[in-house]
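Have a look at the structure below, then the notes.
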Amino acid sequence: NAGVTQTPKFQVLKTGQSMTLQCAQDMNHEYMSWYRQDPGMGLRLIHYSVGAGITDQGEVPNGYNVSRSTTEDFPLRLLSAAPSQTSVYFCASSSGRIGSPLHFGNGTRLTVT
Amino acid sequence: GENVEQHPSTLSVQEGDSAVIKCTYSDSASNYFPWYKQELGKGPQLIIDIRSNVGEKKDQRIAVTLNKTAKHFSLHITETQPEDSAVYFCAASDDYKLSFGAGTTVTVRA
């Protein structure tokens, strides 16, 4: 059982470049989300989706786009990378019911120079 | 939105001693309070959770307590072991979206 799979594990970008962080889950979860983790700031919600075709903004959405064309996949796009987007990014999913556990991937460490 | 504060940011304990991490939240509508453990290079993993209709919950060496009146909840780890060394996050929610604390780095000294 793979759970939540994130690719790549590491990425280095130059300022202004664009890229897509991939996230896939095999648990048939309706709810998927993206968090960024920065030292001393915990996990902050970027975007989330409650089902295919539905996305919404979280706490820190600027500079990121998402789409949800299938239940399994929830890619995160950086349109024009900035040094402030250097962070560790986590994708997470759950069944969407209140109180259901959130399952995390192992993260993508992104450095923007 | 919900604001979760977590203390301390770092905690060093002798093996066998207890560790306590405290969190406060701002939104009185929050009714679900999970705790996650993150090991180096991995994503956070749920270790225990509590709902607002319960004051305390225990699972082997870990326990959580909740005081809804004061809007705070705590994680207690007893008889700490080296494998308890990790970063711990508290979180709060009134729906499926979680708001996380800043994390506590726990180091268990042998």
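Checked against the criterion of being on the phi < 0 side of the Ramachandran plot and more than 14 Å from chain A (Cβ to nearest Cβ), segment B:37-50 contains not a single residue that satisfies it.
Between A:V60, A:V50, A:V112, which is surrounded by fewer than 21 Cβ atoms within 10 Å (Cβ to Cβ) and at the interface with another protein chain (Cβ under 9 Å from one of its Cβ atoms)? On inspection, the qualifying residue turns out to be A:V50. Among what's in segment B:79-110 and is crowded, with 16+ Cβ neighbours inside 10 Å and hydroxyl-bearing (S, T, Y), pick the residue that is nearest to the other protein chains (Cβ to nearest Cβ). So, considering only residues that are crowded, with 16+ Cβ neighbours inside 10 Å and hydroxyl-bearing (S, T, Y), the one nearest to the other protein chains (Cβ to nearest Cβ) is B:Y96. I'd like to check something: does segment B:80-91 contain any residue that is free of Cβ contacts under 8 Å to residues at least 24 places away in the same chain, in contact with an Asp or Glu (Cβ under 9 Å, 6 or more places away or on another chain), at negative phi and part of a loop (DSSP other than H, G, I, E, B)? Within segment B:80-91, one or more residues are free of Cβ contacts under 8 Å to residues at least 24 places away in the same chain, in contact with an Asp or Glu (Cβ under 9 Å, 6 or more places away or on another chain), at negative phi and part of a loop (DSSP other than H, G, I, E, B). Within segment A:68-107, the set of residues being at the interface with chain B (Cβ under 9 Å from one of its Cβ atoms) and either in a strand (DSSP E or B) or in contact with a Ser or Thr (Cβ under 7 Å, 6 or more places away or on another chain) (or both) comprises A:F90, A:C91, A:A92, A:S94, A:S100, A:P101, A:L102, A:H103, A:F104, A:G105.
Taking residues in segment B:10-26 that are more than 20 Å from B:E79 (Cβ to Cβ), and partners anywhere that are polar (S, T, N, Q) and loosely packed, with under 13 Cβ neighbours inside 10 Å, the pairs with Cβ atoms closer than 9 Å and at least 6 places apart or on different chains are B:T24/B:N3; B:Y25/B:N3; B:S26/B:N3.
Read-outs throughout are calculated quantities, based only on the coordinates presented, and are distinct from any laboratory measurement. Treat the numbers as computed from the prediction; the structure is a model and nothing was measured. FYI the Cβ positions are ideal-geometry reconstructions off the backbone, even for glycines, and counts take in every protein chain you see.
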